[in-house]
Amino acid sequence: MTATHENRTTARGAMHMLALAGASCLVFALTGGASFAADKVTLTYMASQDWVKDAEQALAKKFEAKTGIAIDFQILPSGQYFNVLQTKLNSGEGPDLFGGQSGVTDLKLQYNVEKNAVDLTNEPWAAKEDKLIAAQSTLGGKLYGLTYWDILGNTWVISYNKKLFAQYGLSEPKSYAEFKAACQKLLDNGIQPIYEPVADGWHHVLWFPELGPRFEQVTPGLADALNANKATFAGNPTMLSAVTELKEMFDLSYMGKNALADVYTGASKAMASGKVGMVLANTGFGSLVEHDYPDMKASDIGVFLMPLADNQQVNINPAGPTHFIYAGSAHVDAAKQYLAFLAEPENVDYFIDNTPTAMTLPFTGAKSKFSPDVQALFDSHKEARGTVYQTAVAYVNPQWMDIGADLTAMFTGSMGPDKVLANIDKRRADLAKAARDPAWKK
């Protein structure tokens, strides 16, 4: 549970959490979206840890001051969120608003939006949302979600301490061999090469499916073949190389001695300490570090692409945390007002200005604050980019935390890289059969 949640959870949110722990049905019912006071609407918004930024909470206060409609944020740990959300949706007790990762497959499997979410196609902000991003919240020609997240600038890249690289004569690696050599050089000089927070369960997974553009480059059409059940993860040489190299990074202590206990909220502190060389982070990480630790400037942090399997393709993910309105809410109109408020140009810019990691938002006219290093990376790879596999390949994103558990087992020696890939295939088959995907019918 985040500190933000601990500080801001209301009495209603607290009773909601008791209900999740097994409190009475009466307490559970009190949190279903109806407010305590008959003359005031309070919208419940349930989301996973780290999805609701401080800037949005501030905007919610402004929204309440303007409309009288309050927002009760209910933030759950990421490892529990999807199970809790699905339980509530399946029981018909969903919150007024819920967060979820967009992506057409997830819209079907995780949220069943055609049943559980409100059609937002005709909302005034819908035409202003980036079409590439909006497509991942659309099913059957209907838009179901507002993606209020820095998708365009939220590419996961390796951020590195420029001063440390200069001190030890290192340059941005373009291959795994060069990356490994840089890591070893740092380690030999008492610097932890990489801060990798395995404990959260989700972050270390990024090293694999984010390499989708590289997998596609080596084997053109692979995503389509996987979606048609004509290819597998297991046995693919590029995928096996990537996972094997990830294990080697752990085995060689490049992730440090405490990787299994580290959490992502400690990443900016680790970078600012000068004792860590690199962090896999989004493109706004430099700004976050400067915000949290002003002695280290964003300009002191450079970026390069994840070089596992010799990758040099930019990993673009047009899907991300998205706001949905629960179809069973008693306050649909009020929830629509909240989403429209968030999408107003001045509020979009407020969010960008007050969220260190947000370089932009996917709306027409939104401001951009990319650093020169990030802009240079994008400019130099205009033709070398593609869609990450958790979005391009069906039945990958729903098993994200399971992949994380398998990778952790691989780090600790109880599972090999080949088994990790085989498990992904098995879960994909199970999910596809549950969805009655015709490609998996024998």
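The values are calculated or read from the model by the stated rules, or taken from the named source; none is laboratory data. Predicted, not measured: the structure shown is a model, and the values here were computed from it. So basically every Cβ, Gly included, is an ideal-geometry build from the backbone, and we count neighbours across all protein chains shown.
The residues on offer are L246, L206, L226, L240, and the sole one that is among the aliphatic types (A, V, I, L, M), within 20 Å of G277 (Cα to Cα), out of contact with any strand residue (DSSP E or B) (no Cβ under 6 Å at 6 or more places or on another chain) and part of a helix (DSSP H, G or I) is L246. Summed over the stretch 356-389, the residues that are hydroxyl-bearing (S, T, Y), under 25 Å from P220 (Cβ atoms) and either over 15 Å from the mean Cα position of the chain (by Cα) or part of a loop (DSSP other than H, G, I, E, B) (or both) give a count of 1.
In the stretch 62-78, is there at least one residue being of a type outside the set (S, T, Y) and at pLDDT below 95? Checking the stretch 62-78: at least one residue is of a type outside the set (S, T, Y) and at pLDDT below 95. Scanning the stretch 274-316 for residues that are touching a strand residue (DSSP E or B) at 6+ places or on another chain (Cβ under 7 Å) and polar (S, T, N, Q), which turns out surrounded by the most Cβ atoms within 10 Å (Cβ to Cβ)? Result: T283.
Yes/no matrix, rows are residues, columns are (1) out of contact with any Gly (no Cβ under 9 Å at 6 or more places or on another chain); (2) under 24 Å from A376 (Cα atoms):
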{"residue": "Y293", "(1), (2)": "yes, no"}
{"residue": "S299", "(1), (2)": "no, yes"}
{"residue": "I316", "(1), (2)": "no, yes"}
{"residue": "Y326", "(1), (2)": "no, no"}
{"residue": "T355", "(1), (2)": "no, yes"}
{"residue": "M359", "(1), (2)": "no, yes"}
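For K142, the conditions (1) surrounded by fewer than 17 Cβ atoms within 10 Å (Cβ to Cβ); (2) over 30 Å from L339 (Cβ atoms) all hold with the exception of (2). Suppose the filter is in contact with a helix residue (DSSP H, G or I) (Cβ under 8 Å, 6 or more places away or on another chain) and in contact (Cβ under 8 Å) with a residue 40 or more places away in the chain; does G416 pass it? So G416 does not fit the description; no.
Checking the stated criteria, A270 turns out to be buried (at least 16 other Cβ atoms within 10 Å of the Cβ), touching a strand residue (DSSP E or B) at 6+ places or on another chain (Cβ under 9 Å), small (G, A, S) and not in a loop (DSSP other than H, G, I, E, B).
Somewhere in the stretch 184-199, is a residue in a helix (DSSP H, G or I), modelled with pLDDT of 95 or more and under 28 Å from M401 (Cβ atoms)? No: zero hits. Inspect the stretch 390-398 for any residue being assigned to a helix (DSSP H, G or I), out of contact with any strand residue (DSSP E or B) (no Cβ under 7 Å at 6 or more places or on another chain) and under 28 Å from S268 (Cβ atoms) and give the result as yes or no. Yes, there is a match, as at least one residue in the stretch 390-398 is assigned to a helix (DSSP H, G or I), out of contact with any strand residue (DSSP E or B) (no Cβ under 7 Å at 6 or more places or on another chain) and under 28 Å from S268 (Cβ atoms). Scanning the stretch 373-404 for residues that are among the hydrophobic types (A, V, I, L, M, F, W, C) and surrounded by fewer than 16 Cβ atoms within 10 Å (Cβ to Cβ) yields A376, A384.
Among the residues of the stretch 333-344, those that are part of a helix (DSSP H, G or I) and in contact with a Leu (Cβ under 8 Å, 6 or more places away or on another chain) comprise A334, A335, K336, Y338, L339, F341, L342.
Remark: pairs (first residue in the stretch 332-352, over 14 Å from G145 (Cα atoms); second residue of a type in the set (G, A, S) and assigned to a helix (DSSP H, G or I); Cβ separation under 6 Å; 6+ apart in sequence or on different chains) = F351/A55. Which of (1) closer than 23 Å to A432 by Cα; (2) in contact with a strand residue (DSSP E or B) (Cβ under 9 Å, 6 or more places away or on another chain); (3) surrounded by 17 or more Cβ atoms within 10 Å (Cβ to Cβ) does L109 not meet, given it meets every other one? Exception for L109: condition (2).
Here is a yes/no grid of residues against (1) polar (S, T, N, Q); (2) within 17 Å of I133 (Cβ to Cβ); (3) touching a Leu at 6+ places or on another chain (Cβ under 6 Å):
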position: T322; (1), (2), (3): yes, yes, no
position: E346; (1), (2), (3): no, no, no
position: D349; (1), (2), (3): no, no, no
position: A366; (1), (2), (3): no, yes, no
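Going by what's in this entry, would M401 be described as assigned to a helix (DSSP H, G or I), assigned by TED's automatic domain parsing to the domain that holds A267 and touching a Lys or Arg at 6+ places or on another chain (Cβ under 8 Å)? Considered against the rule, which asks whether it is assigned to a helix (DSSP H, G or I), assigned by TED's automatic domain parsing to the domain that holds A267 and touching a Lys or Arg at 6+ places or on another chain (Cβ under 8 Å), M401 comes out as no.
Residues that are under 16 Å from L120 (Cβ atoms) and in the same structural domain as D130 (by TED's automatic domain parsing) were ranked within the stretch 338-366; the one that is surrounded by the fewest Cβ atoms within 10 Å (Cβ to Cβ) is E344. In this structure, does T265 turn out to be surrounded by fewer than 23 Cβ atoms within 10 Å (Cβ to Cβ) and farther than 30 Å from S299 by Cβ? Spelling it out, it is not the case that T265 is surrounded by fewer than 23 Cβ atoms within 10 Å (Cβ to Cβ) and farther than 30 Å from S299 by Cβ. Listed by first and then second residue, the pairs with beta-carbon distance under 6 Å, at least 6 apart or on different chains, first residue in the stretch 56-76 and polar (S, T, N, Q), second surrounded by fewer than 22 Cβ atoms within 10 Å (Cβ to Cβ), are Q74/G13.
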